[in-house]
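Have a look at the structure below, then the notes.
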Amino acid sequence: MPAVSLDQIVALAKRRGFIFPSSEIYGGLQGVYDYGPLGVELKNNIIADWWRTNVYERDDMEGLDAAILMNRLVWKYSGHEETFNDPLVDCRACKMRWRADHIHGVCPNCGSRDLTEPRPFNMMFRTQIGPVADSGSFAYLRPETAQGIFVNFANVLTASARKLPFGIAQVGKAFRNEINPRNFLFRVREFEQMEIEYFVMPGSDEEWHQRWLEARLAWWEQIGIPRSRITIYDVPADELAHYSKRTFDLMYDYPNIGVQEIEGIANRTDYDLGSHSKDQAQLNLTARVNHNEDSIARLTYFDQASGRHVVPYVIEPSAGVGRCMLAVMCESYAEELTKPVPTEKLAAAAEALQAFLKSVGRSEKISAEARDALLARGAELSQALVERLPEVEQLLAMPGVDQIELSKKLRGQTQPLIDEHYRTVLRLKPRLAPVKVAVFPLKRNHDQLVATAKAVRRELQATGEMRTVYDDTGAIGKLYRRQDEIGTPFCVTVDFDTIGQGKDPALAGTVTVRDRDTMAQERVPIAELEQYLRAKIRSA
Ligand code: GAP
């Protein structure tokens, strides 16, 4: 079962070093996050998988890495200066600002309906270029990576001698001054996009749009988001972006956030190449483009068959890396029972929970809102305590709990049970896992076990194919749990049999490999370990 609440993911991400709030020691910066030691690995693995599938494994793609800063005219002719706006309203009562389309006429902060009329707010960040601050010396931070591809269309075409249809892929940062960034990585002000602009002959665009829809769904499945978990939203005409003829949004059901876009697949027609071209009147454009007196190029393709220059249509699959990572973490997250909890211990935990909830109900120290939230969550957990016992940790992190004396008793009853009988596991596809293999010595104060484990780690790491770590900071059971929680698919233990000092001499030179998902253990000769692990990582 995937994560039931976003809090579970936020807590894990902070605790284990996937994601940190930006500039946290100065109070943070709203809508901006940093990727920690494990987050950067997971993010890089997602991007590498996307690049491998969309660039290396196809024969119709090229890559690009365009600059973030671009000539301001790019954003004039792309239409972003004019139309990349969100509707902004102010609450006259509490002075907060909101996106009009997110709040249904009521201020979420104070409940007032006294709001200003919506007015357009351009989401592009501006920055100063050079030392003189005048009206002509600024640039925008790009709000999408796509434009870097469009303005390089002719360069890539000439350099690669491609024929239509072909595509250009790019991964990079984008920036949007979102009015209300929220929901962790979901809506942020600085994020990464993985974008493809796929250029086709006009008339074949609808067919290619469908093909890309299927190709992208297959990729999501490959990284662990099954087809059944994605909804395709055929965006209605009145919601389409200014450049789009038709867009399919792929939607994922995030806990707490709801069904939301993870990727947009748009038919951008000849809008972008047309808008950035000179001599537009001679190009037979179908899109309503911005009249362009500044461009020095015609962004066209010479079609040998007809002997004419055409402006290709564009199909654009565009996914956010952060939203992808959040979906992957939610989908792969599980808290599960590893061995049965004795009935009397479960009964004691249930009793402690009831006593805690009674105390919450009576408490005058906490707000009515906090009390209702605690009682509702507590009632939910009581319904299925054996399955949901680990969620008591989140209950105990909710506002108001520190005012309830009995919370300590509840923690005291439940924490040892959670530690002993449950585990948190990220069932990441091995290819995406930040760490592929963890190697442990059975005892950390035994020189030969330690030296052998370190040598095994070094050799696996030297393959360059599997990030391998060494750990001896606890008992093996605890080390397994720490690796499960970050999604490490394989743990290798070096024990006395490995070094020929165990009961069975036949096991000398072998190690135990424990599988994250099945928890099954297998004895594998060190000489075959690399091959064994490589095959498993590739096949899953
Ligand atoms: N070039 C097309 C384009 O930028 P978009 O639907 O605005 O289209 C594409 O953005 C993807 O970028 C979205 O599906 C989402 O995954 C990601 N994205 C957009 N705005 C975001 C934000 N504020 N925070 C995180 N990801 C965002």
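The values are calculated or read from the model by the stated rules, or taken from the named source; none is laboratory data. Small disclaimer: the values here were computed from a predicted structure and weren't measured. With ideal geometry, Cβ positions are generated from the backbone for all residues, glycine too; neighbour counts draw on all protein chains shown. Quick note on the areas: whole protein, heavy atoms, side chains included, nothing else; ligands and nucleic acids left out. Shrake-Rupley method; radii C 1.70, N 1.55, O 1.52, S 1.80 Å.
Couple of notes before you dig in:
- Those strands (runs of 3 or more DSSP E) lying entirely in the range 125-188 with at least 3 residues over 14 Å from D65 (Cβ atoms) and away from the ligand (no atom under 16 Å from the Cβ): 126-128
- Qualifying residues in the range 228-245 (those that are surrounded by fewer than 17 Cβ atoms within 10 Å (Cβ to Cβ), more than 13 Å from the ligand (Cβ to nearest atom) and charged (D, E, K, R)) - the one farthest from the chain's Cα centre (by Cα): D238
- S275 meets the conditions (1) surrounded by 14 or more Cβ atoms within 10 Å (Cβ to Cβ); (2) of a type outside the set (V, I, T); (3) away from the ligand (no atom under 16 Å from the Cβ) in every case but one. The failed one is (3).
- Out of G17, G39, G31, sole residue that is assigned to a loop (DSSP other than H, G, I, E, B), within 16 Å of the ligand (Cβ to nearest atom) and surrounded by 15 or more Cβ atoms within 10 Å (Cβ to Cβ): G31
- Selected residue (criterion: farthest from A287 (Cα to Cα)) from residues of the range 256-271 that are more than 18 Å from the chain's Cα centre (by Cα) and within 13 Å of the ligand (Cβ to nearest atom): A266
- For G63: the one exception among (1) under 30 Å from R211 (Cβ atoms); (2) open to solvent by less than 60 Å² (accessible area, probe 1.4 Å); (3) at pLDDT below 95: (3)
- Residue within the range 391-400 that is open to solvent by 10 Å² or more (accessible area, probe 1.4 Å) and either closer than 23 Å to P489 by Cβ or in contact with a strand residue (DSSP E or B) (Cβ under 8 Å, 6 or more places away or on another chain) (or both) present: no
- Segments classed as strands (runs of 3 or more DSSP E), wholly inside the range 426-540, with at least 1 members that are open to solvent by less than 30 Å² (accessible area, probe 1.4 Å) and polar (S, T, N, Q): 468-470, 490-494, 510-515
- Enumeration of residues in the range 191-219 that are away from the ligand (no atom under 13 Å from the Cβ), buried (at least 17 other Cβ atoms within 10 Å of the Cβ) and outside any helix (DSSP H, G or I): F199, V200
- Cβ pairs under 9 Å, 6+ apart, first in the range 352-376 and in contact (Cβ under 8 Å) with a residue 40 or more places away in the chain, second surrounded by fewer than 16 Cβ atoms within 10 Å (Cβ to Cβ) and outside any helix (DSSP H, G or I): S359/E405
- Some residue of the range 175-186 being surrounded by fewer than 15 Cβ atoms within 10 Å (Cβ to Cβ) and in contact with a helix residue (DSSP H, G or I) (Cβ under 8 Å, 6 or more places away or on another chain): no
- All positions within the range 24-82 that are over 25 Å from A327 (Cβ atoms) and small (G, A, S): G27, A66, A67, S78, G79
- Count - residues of the range 272-290 that are under 38 Å from the mean Cα position of the chain (by Cα) and not β-branched (V, I, T): 10
- No other residue among I265, I225 is buried (at least 22 other Cβ atoms within 10 Å of the Cβ), in contact (Cβ under 8 Å) with a residue 12 or more places away in the chain and closer than 24 Å to D60 by Cβ apart from I265.
- Within the range 1-21, being β-branched (V, I, T) and at positive phi holds for no residue.
Results for (1) over 30 Å from L273 (Cα atoms); (2) modelled with pLDDT of 95 or more; (3) in contact with a helix residue (DSSP H, G or I) (Cβ under 9 Å, 6 or more places away or on another chain); (4) more than 16 Å from the ligand (Cβ to nearest atom), shown as yes or no for each residue.
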{"residue": "I296", "(1), (2), (3), (4)": "no, yes, no, yes"}
{"residue": "A305", "(1), (2), (3), (4)": "no, no, no, yes"}
{"residue": "E316", "(1), (2), (3), (4)": "no, yes, yes, no"}
{"residue": "V321", "(1), (2), (3), (4)": "no, yes, yes, no"}
{"residue": "E335", "(1), (2), (3), (4)": "yes, no, yes, yes"}
{"residue": "K358", "(1), (2), (3), (4)": "yes, yes, no, yes"}
{"residue": "E369", "(1), (2), (3), (4)": "yes, no, no, yes"}
{"residue": "G378", "(1), (2), (3), (4)": "yes, yes, yes, yes"}
{"residue": "R388", "(1), (2), (3), (4)": "yes, no, yes, yes"}
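- Verdict on N71 being free of Cβ contacts under 8 Å to residues at least 24 places away in the same chain and open to solvent by 30 Å² or more (accessible area, probe 1.4 Å): no
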